[in-house]
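Colleague: My structure is below; once you've seen it, I'll send some questions.
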Amino acid sequence: MRRLGLAWTLWSALVVAAAAQQGTDFSGRWVLVSSAVADANAAQSLIVRQPVTRTNNLGAPMPPAFMQLIIEREYADRVTTETHQIGIRGGIVGGIAGGGRSYQSSFSVRWEGPRLIIERSSNPSPARDAGPSWEHTEEWELNSAGTLVISVTDQASDSAPKSNTFTYRRN
């Protein structure tokens with residue numbers, strides 16, 4: 001009986017550890033508390049949904065994981081919605097055949113420990129009239145007080161990098 005109890009405890013610990021490795025749950029409604037740099041264009045609130053995935057694309061069982069992030073950003077004058085597939089890296093390459101303009105964009109959403117990293121970039125052709133390239137990175141994490149901290153870095157080829165950190169409390 002003692003071995004059974006020990007085995008149950010060990011199995012329970014493994015299940016909890018496996019679930020914990022699949023990411024942080026950011027789900028809920030969040031209200032902006034502060035930003036490191038004043039930003040009139042900051043989202044005043046966020047509604048975040050993270051459905052739990054329990055089967056893979058073939059329908060086979062898998063450990064529960066957060067594989068999708070749906071963010072509604074509420075600004076003073078509009079609401080935007082974006083959906084990210086976690087663990088996916090991709091992009092688009094386009095252009096005109098025969099040496100015309102080309103364009104490349106990429107995205108990546110991944111876990112780095114408890115932090116979620118969202119990256120997007122755009123790189124037009126090297127022609128002068130094609131416009132600047134840019135990169136946008138967001139790092140999401142819950143701090144020890146349970147508030148959501150989002151660090152944002154924007155960098156364009158024609159300007160200096162801009163960084164800001166936004167803190168949201170659960171509402």
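Here is a yes/no grid of residues against (1) among the charged types (D, E, K, R); (2) at pLDDT 95 or above; (3) closer than 19 Å to I150 by Cα:
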residue: E72; (1), (2), (3): yes, yes, yes
residue: R78; (1), (2), (3): yes, yes, no
residue: E82; (1), (2), (3): yes, yes, yes
residue: G87; (1), (2), (3): no, no, yes
residue: G90; (1), (2), (3): no, no, no
residue: G95; (1), (2), (3): no, no, no
residue: G98; (1), (2), (3): no, no, no
residue: S106; (1), (2), (3): no, no, no
residue: W111; (1), (2), (3): no, no, yes
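Colleague: Restricting attention to region 72-87, does a residue exist that is open to solvent by 40 Å² or more (accessible area, probe 1.4 Å), of a type in the set (D, E) and not in a strand (DSSP E or B)?
Modeller: yes
Colleague: Also: Among the residues of region 36-71, which ones are part of a strand (DSSP E or B) and farther than 23 Å from R115 by Cβ?
Modeller: In the first step, residues of region 36-71 are kept if they are part of a strand (DSSP E or B); the result is 45-49, 52-55, 61-66, 68-71.
Selection gives R54, T55, P61.
The values are calculated or read from the model by the stated rules, or taken from the named source; none is laboratory data. Note that the structure is a prediction, hence the values are computed from the model and not measured. So basically every Cβ, Gly included, is an ideal-geometry build from the backbone, and we count neighbours across all protein chains shown. Side chains included, ligands, DNA and RNA excluded: accessible areas come from the protein's heavy atoms. Shrake-Rupley method; radii C 1.70, N 1.55, O 1.52, S 1.80 Å.
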